[in-house]
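Here's the structure we're looking at; comments come further down.
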Amino acid sequence: MFKNIKLLSLFSAIVIAASGCASVAMAPAEQDTKAKSFATSPDKANVYIYRNETMGAAVKLQVSVDGKLIGSTASKSYFFVQLAPGKHTIMSQEDSDKTLDINVVAGKNYFVWQEVKMGMWSPGSKLNLVDDATGKAGVAESGLIEAAK
């Protein structure tokens, strides 16, 4: 049975890889450049939610902040949101919801890596709060997504 599960996972990975890349609406280049300056404001925290992997490239994963859908990520893409100080919940939605609670401080940058995980039947994800150097590198190799209005 374990061998069959491995074969199913491998088959899922091949199907996803062969089906092309998912696309999302990208923000204008000027907004991407501005967000990548990592400049902060004294009354808000900057939160970057990014996917810099090519694994699962054919899959879009929805992202919500504090229960509000901000859109979907694709491979090599990120969201930039400014949040008031305090506790916030970021959710990555697929077959089963994955959440990350973060407590943000004004004037700081926070980086959340949306890691794609291969599931038995479909891809999933995991949200990871990462350090500044890791986060800035991941954002730098990704493009800014146009957030839902």
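Close contacts from region 128-139, counting a first residue that is over 14 Å from E53 (Cα atoms) and a second that is in a helix (DSSP H, G or I), with Cβ to Cβ under 9 Å and a gap of 6+ residues or different chains, come to L129/G135; V130/G138.
Taking first residues from region 25-42 that are modelled with pLDDT of 90 or more and partners that are of a type outside the set (D, E, K, R) and part of a helix (DSSP H, G or I), the Cβ contacts under 7 Å between residues at least 6 apart in sequence or on separate chains come to K36/V139; K36/A140. The residues in region 53-65 that are at pLDDT 90 or above and either crowded, with 19+ Cβ neighbours inside 10 Å or touching a His at 6+ places or on another chain (Cβ under 9 Å) (or both) can be counted, and the count is 2. Candidates are the residues of region 69-93 that are within 22 Å of L144 (Cβ to Cβ) and in a loop (DSSP other than H, G, I, E, B); the one that is modelled with the highest pLDDT is A84.
The set of residues in region 130-143 that are over 11 Å from the mean Cα position of the chain (by Cα) and aliphatic (A, V, I, L, M) comprises V130, A133, A137, A140. A Cβ distance below 7 Å, combined with a sequence gap of six or more or placement on separate chains, defines the contacts here; from region 66-91, residues that are over 19 Å from K117 (Cβ atoms) and surrounded by 13 or more Cβ atoms within 10 Å (Cβ to Cβ) reach residues that are of a type in the set (K, R) and modelled with pLDDT of 95 or more in the pairs Q82/K44; L83/K44.
Residue under question is K108, and the condition is that it be modelled with pLDDT under 90, within 28 Å of A29 (Cβ to Cβ), exposed (fewer than 14 other Cβ atoms within 10 Å of the Cβ) and among the charged types (D, E, K, R); does it hold? No.
The values are calculated or read from the model by the stated rules, or taken from the named source; none is laboratory data. Note that the coordinates shown come from a computational prediction; the quantities given were computed from them, not determined experimentally. Here the Cβ is made from the backbone with ideal geometry for all residues, glycine too, and neighbour counts use every protein chain on show.
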